[in-house]
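Student: My questions all concern the structure below.
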Amino acid sequence: MRLGYSADDSEVAERMRKRRGGRLTPLDVALLHSPELADGWNSLLGAVRERSTLPPDIRELVILRVAELNRAPYEWAAHEPVARKAGLGDRQLAVLRGQNGQNGHDGAAARVLTGAQLAALRYADAMTREVVVPEAVFQPLRDHLSERQVLELTATVAAYNMVSRVLVALRIGDTLDTEPA
């Protein structure tokens, strides 16, 4: 990791521990170099992960896809078990790892993913790779998600692009350690 770990027993650190089930991750302890930023981050990611109406399989699918596209193995390792609990299996995970074409999707994705998962995957790809989402990618979401869920999907992809870019830039979890040093 490019920054040292920040030892912090503040209220912010306690809120982060509470959301994490009692432990801080390497990302958390890095963020605690800026308690105000860490507090806002914790609130935002808590809402994205715990207070969204987005189906868990869709949420975890796009989180893993962003991790793959942004080459963030720590994020993948952290979310793969959550994705499996949400119902994604080996075939779906292989699709998330294996799509490298211009549009990122071939017939295998359409055979393995549900319509909602495929629409969310295409949306995550467009948001992450191009930022501008073509109407042809956006419209299929309306067949599967409410307007609230489309917003939550958009925020999830955006938030995890932020997470993965911080992880990669600061080399947090390069060794996939889960305990702060």
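Student: Between G89, G98, which is small (G, A, S), under 26 Å from T128 (Cα atoms) and open to solvent by 40 Å² or more (accessible area, probe 1.4 Å)?
Tutor: Answer to the check: G98.
Student: When the residues of the range 43-56 are filtered to those that are small (G, A, S) and open to solvent by less than 60 Å² (accessible area, probe 1.4 Å), which remaining residue is farthest from Q149 (Cα to Cα)?
Tutor: It comes out as G46.
Student: Take the range 9-42 and flag every residue that is open to solvent by 70 Å² or more (accessible area, probe 1.4 Å), part of a helix (DSSP H, G or I) and either in contact with an Asp or Glu (Cβ under 8 Å, 6 or more places away or on another chain) or within 18 Å of S164 (Cα to Cα) (or both).
Tutor: R15, L37
Student: Tell me which of these V66 doesn't satisfy, since it passes every other one: (1) open to solvent by 40 Å² or more (accessible area, probe 1.4 Å); (2) within 15 Å of the chain's Cα centre (by Cα).
Tutor: (1)
Student: Within the range 80-97, count every residue that is touching a Lys or Arg at 6+ places or on another chain (Cβ under 6 Å) and among the polar types (S, T, N, Q).
Tutor: Summing the residues that are touching a Lys or Arg at 6+ places or on another chain (Cβ under 6 Å) and among the polar types (S, T, N, Q) in the range 80-97 gives 0.
Student: Are there any helices (runs of 4 or more DSSP H) wholly within the range 53-149 with 3 or more residues that are at pLDDT 95 or above and within 30 Å of R171 (Cβ to Cβ), and if so which? Steps first, answer last, please.
Tutor: Working: elements: 56-69, 73-85, 90-98, 107-112, 115-129, 135-138.
The helices (runs of 4 or more DSSP H) meeting that bar are 56-69, 73-85, 115-129.
The values are calculated or read from the model by the stated rules, or taken from the named source; none is laboratory data. None of the values given here were measured: they were computed from a predicted structure. Backbone-built Cβ (ideal geometry, glycine too); neighbour counts: all protein chains shown. Side chains are part of the model used for accessible areas, which takes the heavy atoms of the whole protein and leaves out ligands, DNA and RNA. Shrake-Rupley method; radii C 1.70, N 1.55, O 1.52, S 1.80 Å.
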